[in-house]
Amino acid sequence: MVAEFQHGLVRLDVVLIASLIGLFGIALAAIWTRLGVGVRRRLWESIAASAIAGVAIVVASALAVSWDLSENRGNSFSRANEEALRRIAAPLRVEVHLAPEDPRRVDLERQVLAKLRRTLPSVRIDYVAATRTGMFEQTADAYGEIWYDVGGRRALNRAVAAEGALETIFSLAQIEPRAERADEIFRGHPLAVAPRGAALIFYGIWPAAVAAAAVLTRWRTA
């Protein structure tokens, strides 16, 4: 949760679940710190609070709503690509033949699949692997394959970058995304104003101050 917040991603389900867990802890503390109440009653109240919190957490986990608040949209595809993905009416399925600890799977999950889930919550992603590391699967013909299926049309692409995955998906869906506008491209925060007086400070005032400090120090120690 903290890692996602650090990258500017705010998920409604995560916020609600964290809040519910905090409220559940406060409720348990309130139940067990009351004086004059029997242990049996407090036990039943704790069980009831646990049941209510459990149901609420299950309901909250089904809320697939999130906001990408990062400046560079690092958790999302470009707006043009997201608009094109939402125009796909056919069901989208991705079949990944990579082991859980394979670095390529980690890159694919971060660059493509996580963004796909945010854009199309109905996307189906299936992982196929016989081991956790994939060390003994490298010789298999199918290992490393990533199959994309859009409405029954399938295509293979082994690339884990977003550009290759989106190109395959749009080709299968027969959709052409629009070109990105200039104001939609994040170019960082370049210096828009010339640094006036910087040369005088760095090449004149600062060296003179250092030289004066050196002379003053030698004069005091002499």
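Worth pointing out:
- Gain in span if fully extended, T217 to W44, counting 0.36 nm per residue against the direct Cα distance: 54.5 nm
- Expressed to the nearest 5 percent, the antiparallel share of DSSP beta bridges inside the chain is 75 percent.
- Helix-derived mean residue ellipticity, 222 nm - over the chain, DSSP H n ≥ 4, -39500 (n - 2.57), to 500: -13500 deg cm²/dmol
- If only the Cβ of Lys and Arg carry +1 and only the Cβ of Asp and Glu carry -1, the dipole of region 89-173 around its Cα centre is close to 340 debye.
- Peptide packing: for 164-176, 54-66, the average count of neighbouring Cβ atoms within 10 Å per residue gives the ranking 164-176, 54-66, highest mean first.
- Using equal-weight Cα scatterers in the Debye expression, the normalised intensity of region 89-173 in log10 at q = 0.16 Å⁻¹ is -0.57.
- Choice from G197, G188, G36 with maximal GNM fluctuation in the chain (Cα, 10 Å cutoff): G197
- Sequentially through region 173-189, phi angles give Karplus couplings (6.51, -1.76, 1.60; θ = phi - 60°) of 7, 6, 10, 10, x, 6, 6, 6, 7, 4, 6, 8, 9, 7, 10, x, 10 Hz, Gly and Pro residues having no value and appearing as x.
- Per residue Cα convex hull volume in Å³ - calculated over the chain: 328 Å³
- P(r), alpha carbons of region 2-68 - 10 Å bins starting at zero, rounded %: 20, 38, 24, 14, 4
- Selected from Y127, Y143, Y203 as most flexible by GNM, with the chain as the system and alpha-carbon contacts under 10 Å: Y203
- Residues of region 64-101 with amide N under 12 Å of a point placed 7 Å along Cα→Cβ from E176: none
- A simple rule links phi to the HN-Hα coupling: the Karplus curve 6.51 cos²θ - 1.76 cosθ + 1.60 with θ = phi - 60°, which for region 110-123 gives 6, 8, 10, 5, 4, 6, 5, 5, 5, 7, 10, x, 7, 4 Hz, with x for Gly and Pro.
No lab work stands behind these numbers, since they all come straight from the coordinates. Being a predicted model, the structure only gives us computed values, none of them experimental. In this analysis, Cβ positions are derived from the backbone assuming ideal geometry, glycine residues included, and neighbour counts consider all displayed protein chains.
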